[in-house]
1. Could you tell me whether any residue of the stretch B:96-108 is at pLDDT 95 or above, within 14 Å of chain A (Cβ to nearest Cβ) and outside any loop (DSSP other than H, G, I, E, B)?
2. Collect the residues in the stretch A:12-48 that are more than 19 Å from residue A:102 (Cα to Cα) and crowded, with 18+ Cβ neighbours inside 10 Å, keeping them in residue-number order.
3. Do any residues in the stretch A:122-137 that are within 7 Å of chain B (Cβ to nearest Cβ) and touching a residue at least 60 places away in the same chain (Cβ under 8 Å) have Cβ atoms under 7 Å from those of residues that are in a loop (DSSP other than H, G, I, E, B) and crowded, with 22+ Cβ neighbours inside 10 Å, where the two are at least six apart or on different chains, and which pairs are they?
4. Considering each of A:112, A:94 in turn, give the residue that is in a helix (DSSP H, G or I), in contact with a helix residue (DSSP H, G or I) (Cβ under 7 Å, 6 or more places away or on another chain), within 22 Å of residue B:30 (Cα to Cα) and more than 7 Å from chain B (Cβ to nearest Cβ).
5. Go through the stretch A:24-50 and report how many residues are in contact with a helix residue (DSSP H, G or I) (Cβ under 6 Å, 6 or more places away or on another chain) and in contact (Cβ under 8 Å) with a residue 24 or more places away in the chain.
6. Filter the stretch A:56-87 down to the residues that are under 18 Å from residue A:6 (Cα atoms) and free of Cβ contacts under 8 Å to residues at least 40 places away in the same chain and list them by number.
7. Counting residues that are more than 7 Å from chain A (Cβ to nearest Cβ), in contact with a strand residue (DSSP E or B) (Cβ under 9 Å, 6 or more places away or on another chain) and touching a residue at least 40 places away in the same chain (Cβ under 8 Å), which helices (runs of 4 or more DSSP H) fully inside the stretch B:1-82 reach at least 3?
């Protein structure tokens, strides 16, 4: 298993645990007397599961298992996958911090916009590296 | 990888980009004065969950599930090709319905998605077996 796949799977597993724990806190924030910001983190927590865990798991396994691109670079340009790993996790961390604050009325618009762009850039890096490896024969 | 699996996976990857672009727009609009078309959030969810994640799973399943011992190794292509058409037609209808705020269209699109998955499942179920059988 390539190193970048191992890190994608580890990060995915961490987000899965964080997303499930976040789900408990969002659902129980009233009963537990937690700040309102915790209750406002619902959309961010949902994306920890769908992007942080599911999409990152797909990125990692696809990079590992999809057909080889060629003899010289069997898995394409790995730098693109390292970039996808960094960008998607930076985007998620930024969203996790900014979205609850935005719900409380803080001016976090640029941070949220940057979070979306980082995650889109991660998807673009994954696509650029994966596309040539997806071919019927 | 069989060409039909590649078709599912390539479509899924294209829809990943569109879904994430829609998500980025949603996030940008959330904290700023940027305009966001009505229904963009619903379209983003449909594209990400059905267009990307589900479609990729179907393509990979068609590729890697155990092959049949006799006859075409992955069964006949026609039901799976029809499933791809139904899934993406349903997705297009559901996304347009979400963007237009027309719930009957969303429901109609999801019905097509359901038909696509039922067709795919009927084709894939016989391939879910112990290796070597």
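The values are calculated or read from the model by the stated rules, or taken from the named source; none is laboratory data. In this text, all values refer to a predicted model and were calculated from it rather than measured experimentally. Virtual Cβ from ideal backbone geometry, glycine too; neighbours counted across all protein chains shown.
1. Checking the stretch B:96-108: not a single residue is at pLDDT 95 or above, within 14 Å of chain A (Cβ to nearest Cβ) and outside any loop (DSSP other than H, G, I, E, B).
2. Across the stretch A:12-48, the qualifying residues are A:12, A:15, A:19.
3. none
4. Just a single option satisfies the conditions, and that option is A:94.
5. 8
6. A:58, A:65, A:74, A:79, A:86, A:87
7. By residue number, no helices (runs of 4 or more DSSP H) qualify.
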